[in-house]
Amino acid sequence: MPAPLDHERDASRPDRAAASPPPFERVVSKHGPALLRFCSAQVGAERAEDCLQETLLAALRAYGELRDADALRAWLFSIAARKASDIHRAHARTPQPTEVVDTAAVAEDAPPRDETLWDHVRALPDKQRHAVILRYRADLTHAEIAQVMGTSEPAARRNVFEGLERLRSHAGGFAAV
């Protein structure tokens with residue numbers, strides 16, 4: 001487990017003014033795996049690394065202007081959520097192949113149950129999709145989800161709840177989400 005970042009170690013000291021951000025390399029080491037899981041859940045495994053790279057580039061460019069190092073995690077996930085939306089928009093504009101696919105080949109390469117579940121999650125409305133993924137793939141608290149999504153904690157909690165309810169009602173066998 002990596003050592004706590006400077007701003008996390010000193011967060012309990014009331015005499016400390018606004019915490020300065022740690023070196024960006026430590027930020028990537030600490031939050032990179034969770035960001036990659038989030039990106040994977042948002043855009044699929046095949047585009048997750050691209051989404052992560054775009055997120056980290058944007059974060060690095062704006063890192064010097066970060067005002068609140070204590071909100072670093074939420075700030076990173078906010079950037080990742082925007083980059084995932086950008087990728088969804090770009091993918092929607094990309095022409096899709098129309099060639100008929102051999103159904104026997106598809107049956108052999110059926111995605112594992114977990115990937116099928118995340119396909120259903122990716123089909124949720126934006127707010128619910130973001131909230132569910134932030135909660136279960138990025139392991140953010142409802143307060144952190146609210147900060148990332150720019151909403152209140154009760155609204156974030158409600159988005160997670162409604163997303164799970166929609167999954168349960170539309171995805172049949174995923175009642176244990």
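General observations
- Within the stretch 58-86, residues that are surrounded by 14 or more Cβ atoms within 10 Å (Cβ to Cβ) sit with their Cβ atoms under 6 Å from residues that are of a type in the set (D, E, K, R), at 6+ positions apart or across chains, in these pairs: Ala74/Glu144; Lys83/Glu54.
- Glu162 vs. criteria modelled with pLDDT of 90 or more, over 30 Å from Ala69 (Cα atoms) and assigned to a helix (DSSP H, G or I): yes
- Criterion violated by Ala171 - all others in (1) buried (at least 16 other Cβ atoms within 10 Å of the Cβ); (2) of a type in the set (A, V, I, L, M, F, W, C); (3) modelled with pLDDT of 70 or more satisfied: (3)
- Take the conditions (1) closer than 20 Å to Thr55 by Cβ; (2) modelled with pLDDT under 80; Arg129 misses just one of them, which is (2).
- Lone qualifier among Ala84, Ala104 - being modelled with pLDDT under 90 and of a type in the set (A, V, I, L, M): Ala104
The values are calculated or read from the model by the stated rules, or taken from the named source; none is laboratory data. The shown structure was predicted, so the numbers you read here are calculated from the model rather than taken from an experiment. Virtual Cβ from ideal backbone geometry, glycine too; neighbours counted across all protein chains shown.
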